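Let me begin by presenting the structure, written as structure tokens, before commenting on it.
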Amino acid sequence: MSSPKIVGRVAICFGALALASISVCAAQEWPAKPVKIVVPFSPGGSSDQLARLLATELSAAFKQQFYVENRAGSSGAVGSAQVARAEPDGYTFVNAGSGPHLTGPAINPNIGYDPLKDFTHVAMVAADSFVLVAGSAVGARSIADLVRIGRGRPLTSASPGPGSLGHLILERFKRRAGLAIQHVPAPNSGVNEVLGNHISLTMTTLLTVGEQIKAGKVVPLAVTTIGRHPAYPDIPSFAEQGFPDVRGDTWFWLAGPKNLPVEIVARLNDEVRRINKSAKMRQYFQRSALSTRDLDAAAVAKFVADEYAFWTPLAKEVGLTVQ
């Protein structure tokens, strides 16, 4: 006759196996309904453009709708926090980025989530380099011009908000150049305000402001790449204009809440990597001056941890603190 302890252990084992089977089956059937990708910024920026393109490709690949929801606020923290609190069922993701997931948490201890512990980092999307552009009324054609002008009259510069990567790079430049440029948080990095000469400058991404640069509507002063960007060879870098440590790319990657089923993570990682290698995406990356990395999910998580370790002391160095 079986003892009650043995029966209890057998029941627990069968229960665990049943739960595991349900989890595997759910992952195999995924996605059984539309999948949301939260963009934690306003429509039109690089994060939004990339997420919408990726959503279209994933919808075709999985024969299920992937759609974008813009949840702007607090330099990307509002939308990111929403995803951190979501159910880990594979139906809510965020187009994570360097601002809300790296520099934001580095300067704001009360941001509402831990960028390493509260998310499952799934797949790399792309990287976009920054460029400092000026409105036509500023009168600057180079960083040297800007330094001279900025020491004679007040200037303003936009970014998505305090703690964004654009803001952090701007702060480092200000300190190195000895300029008192007033920071102004603005939707879409204040591109429209710069076009209208309501804000002097913006430190934004090439994807966000590329069309305005090509049309001659804004004046590009410097890119944050080490050398000149291959897609914009006429724009000098900060490094060649005397500011070698003013650099940085903004990375975007797909992330979900912590504890996502590993089967879903693996399937989505495989599909995003396949999409990024397609001729269509390679052409888009080249046309938009973007780059990407082919990483499995474990390598994505390591990349995020390494980047966070890099930007955290830099945020402290330039004295940024948000409470």
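Quickly run through the range 245-269 and pick out the residues that are of a type in the set (Asp, Glu) and over 20 Å from the mean Cα position of the chain (by Cα). Break it down into steps so the answer makes sense when it comes.
Step one: of the range 245-269, the residues of a type in the set (Asp, Glu) are 245, 249, 263.
Correct list: ASP245, GLU263.
Restricting attention to the range 161-200, report how many residues are of a type in the set (Asp, Glu) and under 17 Å from GLY150 (Cβ atoms).
Looking only at the range 161-200, we keep the residues that are of a type in the set (Asp, Glu), and these are 171, 193.
Of the ones still in play, those that are also under 17 Å from GLY150 (Cβ atoms) are 171.
Final tally of qualifying residues: 1.
Residues being open to solvent by less than 40 Å² (accessible area, probe 1.4 Å) and either aliphatic (A, V, I, L, M) or at pLDDT 90 or above (or both): count how many of those fall in the range 237-250. Lay out the reasoning, then the answer.
Applying the first criterion (open to solvent by less than 40 Å² (accessible area, probe 1.4 Å)) to the range 237-250 yields 237-239, 243, 246, 248, 250.
Going one step further and asking which of them are either aliphatic (A, V, I, L, M) or at pLDDT 90 or above (or both), we end up with 237-239, 243, 246.
Of the residues in that region, 5 qualify.
Going through the range 230-244 one residue at a time, which ones are over 23 Å from the mean Cα position of the chain (by Cα) and not in a loop (DSSP other than H, G, I, E, B)?
Across the range 230-244, the qualifying residues are ALA239, GLU240, GLN241.
Taking the stated definitions as given, is ASP234 free of Cβ contacts under 8 Å to residues at least 60 places away in the same chain, open to solvent by 20 Å² or more (accessible area, probe 1.4 Å) and either more than 29 Å from LEU58 (Cβ to Cβ) or of a type in the set (A, V, I, L, M) (or both)?
Details: free of Cβ contacts under 8 Å to residues at least 60 places away in the same chain: yes; open to solvent by 20 Å² or more (accessible area, probe 1.4 Å): yes; either more than 29 Å from LEU58 (Cβ to Cβ) or of a type in the set (A, V, I, L, M) (or both): yes.
It is true that ASP234 is free of Cβ contacts under 8 Å to residues at least 60 places away in the same chain, open to solvent by 20 Å² or more (accessible area, probe 1.4 Å) and either more than 29 Å from LEU58 (Cβ to Cβ) or of a type in the set (A, V, I, L, M) (or both).
Checking the condition open to solvent by less than 10 Å² (accessible area, probe 1.4 Å) and more than 14 Å from the chain's Cα centre (by Cα), which residue from VAL39, VAL68, VAL35 passes? If you could, list the steps in order and put the result at the bottom.
Values: VAL39 fails: more than 14 Å from the chain's Cα centre (by Cα); VAL68 fails: open to solvent by less than 10 Å² (accessible area, probe 1.4 Å).
Step by step, each of VAL39, VAL68, VAL35 is checked, and only VAL35 is open to solvent by less than 10 Å² (accessible area, probe 1.4 Å) and more than 14 Å from the chain's Cα centre (by Cα).
Restricting to the range 133-143, and then to whatever is touching a residue at least 12 places away in the same chain (Cβ under 8 Å) and surrounded by fewer than 16 Cβ atoms within 10 Å (Cβ to Cβ), can you tell me which residue is farthest from TRP251 (Cα to Cα)? Give the steps one after another, and end with the answer.
So in the range 133-143, the residues touching a residue at least 12 places away in the same chain (Cβ under 8 Å) come out as 133-138, 140-143.
With surrounded by fewer than 16 Cβ atoms within 10 Å (Cβ to Cβ) added as a condition, the list becomes 136-137, 141-142.
Numbers: SER136: 29, ALA137: 31, ARG141: 28, SER142: 26 Å.
Ranking the qualifying residues of the range 133-143, first place goes to ALA137.
May I ask you to list the residues in the range 293-313 that are open to solvent by less than 50 Å² (accessible area, probe 1.4 Å) and part of a loop (DSSP other than H, G, I, E, B)? Give the steps one after another, and end with the answer.
Taking the range 293-313 as the starting set, the residues that turn out to be open to solvent by less than 50 Å² (accessible area, probe 1.4 Å) are 295, 297, 299-301, 303-305, 307, 311-312.
Result: LEU295, single match.
Show me the helices (runs of 4 or more DSSP H) found entirely inside the range 144-229 where at least 3 residues are open to solvent by less than 10 Å² (accessible area, probe 1.4 Å) and modelled with pLDDT of 95 or more. Can you show your working first?
Numbers: elements: 165-177, 191-195, 206-214.
Correct list: empty, since no element meets the threshold.
So ALA55 ticks every box in (1) within 20 Å of THR92 (Cβ to Cβ); (2) at pLDDT below 85 but one. Which box is left unticked?
With (1) within 20 Å of THR92 (Cβ to Cβ); (2) at pLDDT below 85 applied to ALA55, the lone miss is (2).
Among all residue pairs at least 6 apart or on different chains, which show Cβ distances below 6 Å where the first residue, located in the range 43-55, is closer than 13 Å to SER189 by Cβ and the second is part of a helix (DSSP H, G or I)?
As it stands, the answer is GLY44/ASN188; GLY45/ASN188; GLY45/THR208; SER46/LEU207; SER46/THR208, since those pairs meet every condition given.
From PRO88, PRO100, which residue is closer than 17 Å to LEU254 by Cα and open to solvent by less than 10 Å² (accessible area, probe 1.4 Å)?
PRO100
Output yes when any residue across the range 12-27 is at pLDDT 90 or above, surrounded by fewer than 19 Cβ atoms within 10 Å (Cβ to Cβ) and aliphatic (A, V, I, L, M), and no when none is.
Residues of the range 12-27 that are at pLDDT 90 or above, as a first pass: none.
Checking the range 12-27: not a single residue is at pLDDT 90 or above, surrounded by fewer than 19 Cβ atoms within 10 Å (Cβ to Cβ) and aliphatic (A, V, I, L, M).
Go through the range 272-290 and give me each residue that's over 23 Å from LEU116 (Cβ atoms) and surrounded by 16 or more Cβ atoms within 10 Å (Cβ to Cβ).
Within the range 272-290, the first condition is being over 23 Å from LEU116 (Cβ atoms), and the residues that meet it are 274-290.
If the condition is that a residue be over 23 Å from LEU116 (Cβ atoms) and surrounded by 16 or more Cβ atoms within 10 Å (Cβ to Cβ), then ILE275, ASN276, MET281, TYR284, PHE285, SER288, ALA289, LEU290 are the ones that fit.
Within the range 251-258, identify whether any single residue is open to solvent by 30 Å² or more (accessible area, probe 1.4 Å), over 19 Å from LYS174 (Cβ atoms) and not in a loop (DSSP other than H, G, I, E, B), and answer yes or no. Walk me through it before giving the result.
Of the residues in the range 251-258, the ones open to solvent by 30 Å² or more (accessible area, probe 1.4 Å) are 258.
From what's left, over 19 Å from LYS174 (Cβ atoms): 258.
In the following step, the residues that additionally are not in a loop (DSSP other than H, G, I, E, B) were identified as none.
Within the range 251-258, not a single residue is open to solvent by 30 Å² or more (accessible area, probe 1.4 Å), over 19 Å from LYS174 (Cβ atoms) and not in a loop (DSSP other than H, G, I, E, B).
Within the range 113-132, identify whether any single residue is buried (at least 24 other Cβ atoms within 10 Å of the Cβ), out of contact with any helix residue (DSSP H, G or I) (no Cβ under 7 Å at 6 or more places or on another chain) and part of a strand (DSSP E or B), and answer yes or no.
Within the range 113-132, one or more residues are buried (at least 24 other Cβ atoms within 10 Å of the Cβ), out of contact with any helix residue (DSSP H, G or I) (no Cβ under 7 Å at 6 or more places or on another chain) and part of a strand (DSSP E or B).
The values are calculated or read from the model by the stated rules, or taken from the named source; none is laboratory data. Predicted model only: the values in this text are computed from it and were never measured. Positions of Cβ are backbone-derived with ideal geometry, glycine not excepted, and every protein chain shown enters the neighbour counts. Ligands, DNA and RNA are excluded from the accessible area calculation, which covers all protein heavy atoms including side chains. Shrake-Rupley method; radii C 1.70, N 1.55, O 1.52, S 1.80 Å.
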